[in-house]
Amino acid sequence: MTTETSAPPTAPDRPAPAPRTARGRRGLRGGPRRLLTHLALISFGLVMLYPLLWMLASSFKPTSEIFRDPGLWPTTWAPENYTEGWTSLAQPFHRYLLNSAIVVAGSIIGNLVSCSMAAYAFARLEFRGRKLFFAITLATLMLPIHVVIVPQYILFAQLDWINTYLPLIVPKLLATDAFFIFLMVQFIRGLPRDLDNAARIDGCGHAGIFLRIIMPLSMPALATTAIFTFIWTWNDFFSQLIFLTDPDMYTVPVALRTFVDSTSQTSWGPLFAMSIVALGPIFGFFLAGQRYLLRGIATTGIK
C-alpha cells in the first residue's frame, strides 16, 4: 500500500514592506528637532517667568533678606507681609482695588460702545472722506501719551475734572483708542454683506443691523477689546498719577508707588505682596476670556 504525502501548507505570502516615504523619513528626523524646539521654548518660558516667581517668593521673605538671598525658596517665611501691606497705606488696599475696578469698568464700557460704533461706520457706511478720516485715526497710533497729556490736562483742568475719574473714563466714550477701532474694522469687513442686505429686506436700518447682526457676530473682537482694555487700564500708571491727587482716590498702580517714601526707604516685602495681589485680577480676567481672545486675534489676522 502506498501513501501519498501531502506537501506542508505554505504560509500565505506576506506583503512586502512598503518603502519608507520621504514624509516618513522627515518625521523620524524631525523627532529630535521637535524635542529640541520644545526644550528651547520651555527654557525661554522659564526665563520669562523667573521675575514673577522671584516676586512671589520675595513676598514671603522679610525685607532684610529679599536682596541678600536671591533664591526662589525663602529661608525665613514672613506671611505677615500681606497683612502689613493690606493695612499700611492711608486706606485698606481693597479701597484701591475698588478704585481701579471703577476706572476699568468705565473704560471697558466706553471702548466697547464707542469703538464698535466707529468701526461700523468705517467698515459699512459710505460717506465722503471715509478713507481720509480712517487714515487720520490710524495716524494717532503714532502719538505717544506724553505728547497729548499736557493739552489734555489743561482741558480737564478748565472743566474742573482734575482729581476725578472723568479724565480717565470720558475719553474712552469718544473712541480715542485707534487700535481697537482698527481691530473691529478688520473684523467687520470680514463679515458677508449679504447679511446686511437680508436685514434691510426685513426692514432693519443701520441701528438694527449694528445691534442685531454685527454685534452678535463680533463677539471675539469685542472680547479682545475688553481684555486688552482691562489689562492696559489696570496697569496704567502715568495718566492716573497725573489726574488723581487725592490719596483716597488712588488706583492700584499709584497706591503701590506710595510704598516708596520720600527718603527712598521701601517696604519691599509688603510692596511685593500687594503686587502679587494686584496681578490676581489680571490673570483671572485673562483666563476667563482667553478663548475669545485667541479667536478674535486669529480671525482678525486672516482677513
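The values are calculated or read from the model by the stated rules, or taken from the named source; none is laboratory data. These figures come from a predicted structure and were not determined experimentally. Reconstructed Cβ throughout: ideal geometry from the backbone, glycine too, with neighbour counts over all protein chains shown.
Of all residues in segment 164-212, which are touching a Leu at 6+ places or on another chain (Cβ under 7 Å) and surrounded by 18 or more Cβ atoms within 10 Å (Cβ to Cβ)? A178, F182 - these are the residues of segment 164-212 that are touching a Leu at 6+ places or on another chain (Cβ under 7 Å) and surrounded by 18 or more Cβ atoms within 10 Å (Cβ to Cβ). Where helices (runs of 4 or more DSSP H) sit wholly within segment 203-254, those with at least 2 residues that are closer than 22 Å to L191 by Cβ occupy 206-209, 219-235. Quick check: anything in segment 191-200 closer than 16 Å to R124 by Cβ, in contact (Cβ under 8 Å) with a residue 60 or more places away in the chain and part of a helix (DSSP H, G or I)? Yes, some residue in segment 191-200 is closer than 16 Å to R124 by Cβ, in contact (Cβ under 8 Å) with a residue 60 or more places away in the chain and part of a helix (DSSP H, G or I).
Would you mind stating whether L89 is more than 30 Å from P253 (Cα to Cα) and either free of Cβ contacts under 8 Å to residues at least 12 places away in the same chain or assigned to a loop (DSSP other than H, G, I, E, B) (or both)? So L89 fails the test.
Inside segment 256-288, can you point out the residues that are in a loop (DSSP other than H, G, I, E, B) and modelled with pLDDT of 75 or more?
Going residue by residue through segment 256-288, those that are in a loop (DSSP other than H, G, I, E, B) are 258-259, 261-265, 267.
Selection gives T258, F259, S267.
Being touching a residue at least 12 places away in the same chain (Cβ under 8 Å) and either aliphatic (A, V, I, L, M) or under 15 Å from A223 (Cβ atoms) (or both) is the filter here; which residues of segment 280-289 pass it? I'd like the intermediate steps shown before the answer.
Taking segment 280-289 and keeping what is touching a residue at least 12 places away in the same chain (Cβ under 8 Å), we get 281-282, 285-286, 289.
Within segment 280-289, I282, F285, F286, G289 meet the criteria.
Within segment 109-148, the set of residues being over 21 Å from A207 (Cα atoms) and of a type in the set (A, V, I, L, M) comprises L132, A135, I136, L138, A139, L141, M142, L143, I145, V147, V148.
Based on this model, can you work out whether A157 counts as part of a helix (DSSP H, G or I), small (G, A, S) and surrounded by fewer than 17 Cβ atoms within 10 Å (Cβ to Cβ)?
Values: part of a helix (DSSP H, G or I): yes; small (G, A, S): yes; surrounded by fewer than 17 Cβ atoms within 10 Å (Cβ to Cβ): yes.
Yes; evaluated as a whole, the condition is true for this residue.
Taken over segment 130-140, the criterion of being touching a residue at least 40 places away in the same chain (Cβ under 8 Å) and under 24 Å from the mean Cα position of the chain (by Cα) is satisfied by T137, L138. Would you confirm whether any residue within segment 59-66 is hydrophobic (A, V, I, L, M, F, W, C), touching a Ser or Thr at 6+ places or on another chain (Cβ under 6 Å) and crowded, with 17+ Cβ neighbours inside 10 Å? Within segment 59-66 (the criterion being hydrophobic (A, V, I, L, M, F, W, C), touching a Ser or Thr at 6+ places or on another chain (Cβ under 6 Å) and crowded, with 17+ Cβ neighbours inside 10 Å), the answer is yes, since at least one residue qualifies.
Residue-by-condition table, conditions (1) closer than 18 Å to R95 by Cα; (2) surrounded by 14 or more Cβ atoms within 10 Å (Cβ to Cβ):
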| position | (1), (2) |
| --- | --- |
| S218 | no, yes |
| A221 | no, yes |
| A226 | no, yes |
| W234 | yes, yes |
| P253 | yes, yes |
| V260 | no, no |
| S267 | no, yes |
| L279 | yes, yes |
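Restricting segment 82-126 to residues that are crowded, with 17+ Cβ neighbours inside 10 Å and at pLDDT below 90 leaves a set whose member that is nearest to S267 (Cα to Cα) is G85.
A residue that is basic (K, R), in contact with a helix residue (DSSP H, G or I) (Cβ under 9 Å, 6 or more places away or on another chain) and under 30 Å from V185 (Cβ atoms) can be found somewhere in segment 116-128. Among the criteria (1) of a type outside the set (A, V, I, L, M); (2) more than 24 Å from the chain's Cα centre (by Cα); (3) at pLDDT below 90, the one P144 does not fulfil is (2).
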